[in-house]
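Every number here is computed from the coordinates shown, using simple stated rules; none is lab data. All of these numbers come straight from a predicted model, not from anything done at the bench. Every residue, glycine as well, gets a Cβ built from its backbone with ideal geometry; the counts of neighbours run over all protein chains shown.
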Amino acid sequence: MKELEVNQKLEIEVLSGSYQGNYLSKVADFLKAGVVITGLYREGAPLPLRLNQPVNVYYTTDRAAYKFKSKILKRTNKPIPLLLIERSDSVTRIQRRDYFRLDVTVTVDVYQMVDDQKYPKKISAARLLDISGGGIQMQLKKKFDKGEEILICLKNILAPKEFIKAKIVRSQRENDELNNYGVQFIEIEREQREAIIQWIFAYQRKSRKKGLS
């Protein structure tokens, strides 16, 4: 299966029944019979999913996000809760990481390092126009030069005061007051990128349920 490996983080979507919803998991092992993943939990308790329960499996790599359809083949609670799910040769590449975008209406904080300070200084809040695992587009009054480096705080997605080093790659004047900037992430941890893409998945699902996409 495409780039799936032990300890790979997964998002499992249970498609029907009392436990319908989305849950986090990890790949524990690969067997001839299928893929072993860690058990799914709700409120601290493992879910007693029925055999043959259909699920969708989502995961990300440094290059893309993927999805495949599967089902529960076996479950065990000893020594720890584990599930055996069906392998799939039909893995869908959802979209290239750098173009995995959607419109959003939240704010981000923009920081920069100042020579005489150890801690970054907040420059401005910005409206987040869209986001991907590779960068963002933002709108604010502050003027930046192309190539200028900044620090982005995605306060609604990552932990507070958790920064991503980035640079301005394009700019466009929106009106007399506002500027739109294309921002590329240049130093980002894999866990941060996964968190961003999982947030996008969740946002898309909520939008579909509201009939917005």
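Tabulated results
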| item | result |
| --- | --- |
| Amide H partners (placed H, <5 Å) of S124, local residues excluded | V110 |
| Built amide H within the under 5 Å cut-off of L129, gap 5+ | Q137, M138, Q139 |
| Shape parameters for the stretch 8-94, alpha-carbon atoms, Rg then Dmax in Å | 12.2, 35 |
| Ranked by how many other beta carbons lie within 10 Å on average, peptides 109-119, 124-134 from highest | 124-134, 109-119 |
| Sorted by Cβ density within 10 Å, fewest first, the residues I186, I85 | I186, I85 |
| Integer Hz, Karplus 6.51/-1.76/1.60 couplings in order for the stretch 42-57, x for Gly and Pro | 9, 6, x, 10, x, 7, x, 5, 6, 5, 6, 4, x, 9, 9, 10 |
| When the convex hull of its Cα atoms is projected in every direction, mean area for the stretch 111-150 (nm²) | 3.6 nm² |
| Evaluated over the stretch 39-79, the Cα radius of gyration and Dmax, each in Å | 12.9, 35 |
| J(HN,Hα) series, the stretch 19-34, from Karplus relation 6.51 cos²θ - 1.76 cosθ + 1.60, nearest Hz, glycine and proline x | 10, 4, x, 10, 9, 8, 7, 9, 6, 9, 5, 10, 10, 4, 6, x |
| Highest average packing first - 77-83, 52-58, Cβ atoms within 10 Å | 52-58, 77-83 |
| Neighbourhood charge, 13 Å Cβ-Cβ cut-off, centred on L82 and excluding it, Lys, Arg +1 and Asp, Glu -1 | +3 |
| Semi-axes of the equivalent ellipsoid for the stretch 101-208, Cα gyration tensor, largest first, Å | 22, 18, 12 |
| Counting all C-alpha pairs of the chain, share separated by more than 24 Å (%) | 50 percent |
| Cα-based helix-to-principal-axis angle, 190-209 vs the chain, degrees rounded to 10 | 80 degrees |
| Fully extended contour minus Cα-Cα distance, from V169 to K143, at 0.36 nm per residue | 8.0 nm |
| Residues A159 and A33, FRET efficiency given R0 of 41 Å [Cβ-Cβ distance, rounded to 0.05] | 0.60 |
| Shape of the stretch 130-179, Cα gyration tensor, a/c cut at 1.5 | prolate |
| Violating pairs (Cα-Cα greater than 19 angstrom) within the set K118/K142; K9/K155; K118/K146; K143/K167; K26/K78 | K118/K142; K9/K155; K118/K146 |
| Unit charges on C-beta of K, R, D, E only; dipole of the chain, Debye | 760 debye |
| Derived scalar couplings ³J(HN,Hα) [the stretch 129-139; Karplus, 6.51 cos²θ - 1.76 cosθ + 1.60; whole Hz; x for Gly, Pro] | 8, 7, 8, 9, x, x, x, 9, 10, 10, 10 |
